[in-house]
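Accompanying notes for the structure given below.
The values are calculated or read from the model by the stated rules, or taken from the named source; none is laboratory data. Keep in mind it's a predicted model, so treat the numbers as computed, not measured. When we count neighbours, we look across all protein chains shown, and the Cβ atoms used for this are built from the backbone with ideal geometry, even at glycine. Just so you know, the surface numbers come from the protein's heavy atoms only, side chains and all, with ligands and any DNA or RNA stripped out. Shrake-Rupley method; radii C 1.70, N 1.55, O 1.52, S 1.80 Å.
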Amino acid sequence: MGTLNFSHVPQMGFMKYPQQKQKNLELPSTVTCGLRGGTRKPLWKSRVLSTEAIQAVHSLKLANSDSKLHHVFSTRLSRLLKADLLDTLAELQRQNEFPLALKVFEFVRKEVWYKPSLSLYCDIIKLLGKNKMTEMAEQLFAELKEDGLKPNTRAYTELIGAYLQVGLIEKAMETYDRLKASGCFPDKLTFTILIRNLENVGKEELAAVLKKDCNEYLDYPERFLEDVQKKHSKRQQLDLV
């Protein structure tokens, strides 16, 4: 099993400012995704965090040195039940505490009960992409294969999103081609991310290719493309206000 290289993780957001405000990690206006628009509902509305998980998250965020962080892992996280540990990881992801989430993810992978989870890998790749940690997203994508998992549509799509976050259009398109060659099928999220971002950077010809592919892979492609255009227009109007 591979191990993520944390040398690329910005330490200032991890140790010196454990409660850094979310606004410092806002996405660029050119990167959009209609299927992820709006405010994400708090985790407690779908699953109530246990007291132990809440305390673990709080303790991790308060740790301001390696020694204190090690203490939290050895005294709190090591005692958590599987469900509580996974909830702790999910809550750190929800709060975009990405350096802490990566540490907890590595901790989870070392647990005796851990079995490779494609969904978990996809969540972390998405988190890395959101924070422009593209090389680490690539590394994790490779590691999921080493863990015996086969990338699915979502895994490829999250990697595509990671590339688009930093303007790597060519790599995003290469990954899209790899997705199709692998036997997976692009879905609405794949097309939404690609079409919107290609149009935002003036790649109209590439966007047109993607729109043609919608006819092959999606049901009711015309309706889908109309919906994408409407949401894109509304977002542009909001940006102008």
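As an exercise, take the mean of 1/r over every pair of distinct alpha carbons in region 50-114, invert it, and state the Kirkwood radius in angstroms. Across region 50-114, the inverse of the average 1/r is 11.5 Å.
Once the C-beta distance of SER50 and LEU118 is scaled by a Förster radius of 22 Å, the resulting FRET efficiency is 0.30 to the nearest 0.05.
In terms of accessible area, using a 1.4 Å probe and ignoring ligands and nucleic acids, SER65, SER74 rank largest first as SER74, SER65. Spin-label model, THR75/GLU135: points 7 Å from Cα along the beta carbon direction are separated by 3.5 nm.
Taking every alpha-carbon pair under 8 Å whose residues sit at least 6 apart, region 50-114 reaches a relative contact order of 33 percent.
Multiplying the residue separation of ILE169 and GLU204 by 0.36 nm and subtracting their alpha-carbon distance yields 11.4 nm. Looking at the square roots a ≥ b ≥ c of the eigenvalues of the Cα gyration tensor of region 124-221, which shape do they give, rounded for a/c under 1.5, prolate if a/b is larger than b/c, or oblate? Since a/c reaches 1.5 but b/c is at least a/b, the shape of region 124-221 is classed as oblate.
Only protein heavy atoms count here; on that basis, with a 1.4 Å probe, HIS70 has an accessible area of about 130 Å².
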